[in-house]
Structure formats: structure tokens, C-alpha cells
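Visitor: I'd like to ask you about the structure that follows.
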């Protein structure tokens, strides 16, 4: 699999390549999480591994979802959840019912053992309203900056820095002397290296700043913690529009998103945000002679 390209990087940071409209027709081959589940997800080489734990009377339903790098569920695997074999329940879906509510759920698939600690307060609070307010806080920003780590598998990954400015400006640079780009309205400029000439081209106008997600299902507060001196909610949810699993850190005072982790098809992204409304202005590059 090839590493993420500059075009993908632009869409990864600010407009997801795979994103569709909220309420888009669901892919029957995509191993969606169980409805009502408390959700977790991680990279598994070039695949995605997710866990959904649904609260119930006297126990829980635990479902593991395995997503291939081509966007389909991986079936036929030997999966155990808390030591119990998890029968298949569809494409890339493996499910068991546990008679009690465990403090930790352990998923074993191939040579990987994944231990997930459940929230101490069970069932955890619904976080839908929190995420909606965080979405509104994104759209109210004038500008922000962030760093991003984006991987497509266990080998290929890039690190980049971004600036985003309302209403339609974006600038990014890939670390290590890699490509860079600037978008201003309906024009963009790209260069392959820091010493290359900028190449101008047409660009579909973006709306910025906006969050990476397009829709929200089964949002729950996993916990409250301190992140870089700010008290935050750690929240997970599923975005059926992309589709993708998200875990985000949301400032409890400002509702600004301080971190985002997104897991989806061959796309494992971790963003750290800052410089809210204080990011240097984004302008077209100076003409080169």
C-alpha cells in the first residue's frame, strides 16, 4: 500500500476523503458497531479493530469489528472476548454476551491481545449534546493550528502541521522536507519540497474551520481528565457518514476539541489542536521569479 499522498493529506486534515453526507446509504460490508454501544477502536497493522460494549440487564453485549484496508469486514477469524469464542455475526463482526459487567474487556485476534478498561461509571453518560456543542465551537472559530500523524498501515505514515482559517483557507506542510500546500478560496498552490517552485491550480472552495466528523452516533463520556492543563471530557462515538470511529478530547469550558483520534479504512489519524483564533494568517505564496 502506498503512503498517504499530499492530496490525501489535505483531505485527511480538513475534509475527509472518504466522507459522505450525513445519513448516507450504509455499506453492508462495513462492520458497523452495535447500536447503543460504548465504543473503542485502534489500528491493527493495515486493518482497524473496534470494540462496542452495549449495556444491558445483568450483563453486556460485546462486539469486535475487524475492518480491512479495502473497507470491508474481515470474516473467518478466530476471535475471543474475555476468553470466550466470539461467533461471527456478519462481515467482520464477532459477538458474545457476558453475564456480568466486567471492568476490562479483552479481545484476542490473530497475535494481538487488546485490553480495554471500561468506565468506572457504568453505563457511561450520553455525550451527544457535548459533541454537538463541540461541533458548533469548531464552526465558530476564526482559525486554529494542529499537528497530525496519519498512517495507512503499520509501515506507511506521515506527520504534518496545519493552519486553518475562516472561511476557506488551509495551509499544510509534511515534516522532513516533504510536500506543502496552500488553499485560498478557489485556488491552491503545491510544492514537492521546500526548495521547489509553487504550482498553482484550481480548487473546490472549502468551508473552514469544521471538524473531521460528519455525523454522530452512540457518543459516550469515557472519562474526565486533565490534558495540557485543561479539564476535558474523553468522548467516543461512531460517524456513519464517513464511516469512522472517533475518540476526542473536548475542553469542558470552551467545548473546543483539543485532540482527535479517528480510525477507519486504511486511515489512522491523530490530531492535536491549538492556537485557537491566534493562528498566523494564510496568504498565497510570494510569486517566485
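The values are calculated or read from the model by the stated rules, or taken from the named source; none is laboratory data. Predicted, not measured: the structure shown is a model, and the values here were computed from it. We place every Cβ from the backbone using ideal geometry, glycine too, and count neighbours over all the protein chains shown.
Visitor: Are any of the residues in segment 67-78 at positive phi, under 18 Å from the mean Cα position of the chain (by Cα) and not assigned by TED's automatic domain parsing to the domain that holds residue 247?
Guide: yes
Visitor: Quick one: residue 156 ticks every box in (1) out of contact with any strand residue (DSSP E or B) (no Cβ under 9 Å at 6 or more places or on another chain); (2) within 14 Å of residue 212 (Cβ to Cβ) except a single one, so which number is it?
Guide: (2)
Visitor: Which of the residues that make up segment 25-48 are closer than 23 Å to residue 128 by Cα and assigned to a strand (DSSP E or B)?
Guide: Residues satisfying the conditions are 38, 39, 40, 41, 42.
For every residue, the table says whether it meets (1) farther than 29 Å from residue 49 by Cα; (2) touching a strand residue (DSSP E or B) at 6+ places or on another chain (Cβ under 9 Å); (3) in contact (Cβ under 8 Å) with a residue 60 or more places away in the chain.
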{"position": "213", "(1), (2), (3)": "no, yes, yes"}
{"position": "224", "(1), (2), (3)": "no, yes, no"}
{"position": "247", "(1), (2), (3)": "no, yes, yes"}
{"position": "254", "(1), (2), (3)": "yes, yes, yes"}
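Visitor: Being in a strand (DSSP E or B) and either surrounded by fewer than 16 Cβ atoms within 10 Å (Cβ to Cβ) or assigned by TED's automatic domain parsing to the domain that holds residue 267 (or both) is the filter here, so list the residues in segment 49-65 that pass it.
Guide: Residues satisfying the conditions are 56, 59.
Visitor: Separate question: So which of 189, 162 is more than 23 Å from the chain's Cα centre (by Cα), surrounded by 14 or more Cβ atoms within 10 Å (Cβ to Cβ) and in the same structural domain as residue 150 (by TED's automatic domain parsing)?
Guide: Checking each option against the conditions leaves just 189.
Visitor: Now for a separate question. Scanning for something at pLDDT 95 or above and over 19 Å from residue 219 (Cα atoms), does segment 117-128 turn up at least one residue?
Guide: no
Visitor: Out of all the residues in segment 49-60, is one or more modelled with pLDDT of 95 or more and under 18 Å from residue 153 (Cβ atoms)?
Guide: Scanning segment 49-60, I find at least one residue that is modelled with pLDDT of 95 or more and under 18 Å from residue 153 (Cβ atoms), so the answer is yes.
Visitor: When you look at residue 171, is it surrounded by 15 or more Cβ atoms within 10 Å (Cβ to Cβ), under 28 Å from residue 67 (Cα atoms) and in contact with a strand residue (DSSP E or B) (Cβ under 7 Å, 6 or more places away or on another chain), yes or no?
Guide: In short, no.
Visitor: Consider segment 75-105. How many of its residues are free of Cβ contacts under 8 Å to residues at least 60 places away in the same chain and closer than 13 Å to residue 61 by Cα?
Guide: Counting residues in segment 75-105 that are free of Cβ contacts under 8 Å to residues at least 60 places away in the same chain and closer than 13 Å to residue 61 by Cα gives 15.
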